[in-house]
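Contents: one structure, followed by commentary.
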């Protein structure tokens, strides 16, 4: 699993950088994305649905959100 640390970045950068990284992965690869912008709770699932990626998991902590996405 590849990890992408986007902590501290604000919209729209987390979605843009996640999309760019997913585009470079092979089909079936997993990407773990760490974010702190609360808007990503809406934006990343929407991007996955729009682009055909599978959102495997979403975990929310006090300060961060962790997404696991399958290319």
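Readers should treat all values here as calculations from the given coordinates under stated rules, not as data from a laboratory. Since the structure is predicted, the reported quantities are computational estimates derived from the model, not experimental observations. Methodologically, a virtual Cβ is constructed for each residue, glycine included, from the backbone with ideal geometry; neighbour enumeration extends over all protein chains shown.
One residue stands out among those in segment 19-50 that are in contact with a helix residue (DSSP H, G or I) (Cβ under 7 Å, 6 or more places away or on another chain) and closer than 18 Å to residue 2 by Cβ: the one that is surrounded by the fewest Cβ atoms within 10 Å (Cβ to Cβ), which is 19.
Taken over segment 51-71, residues that are within 16 Å of residue 23 (Cα to Cα), touching a strand residue (DSSP E or B) at 6+ places or on another chain (Cβ under 9 Å) and exposed (fewer than 14 other Cβ atoms within 10 Å of the Cβ) amount to 1. A count restricted to segment 7-16 and to residues that are surrounded by fewer than 16 Cβ atoms within 10 Å (Cβ to Cβ) and part of a helix (DSSP H, G or I) stands at 2.
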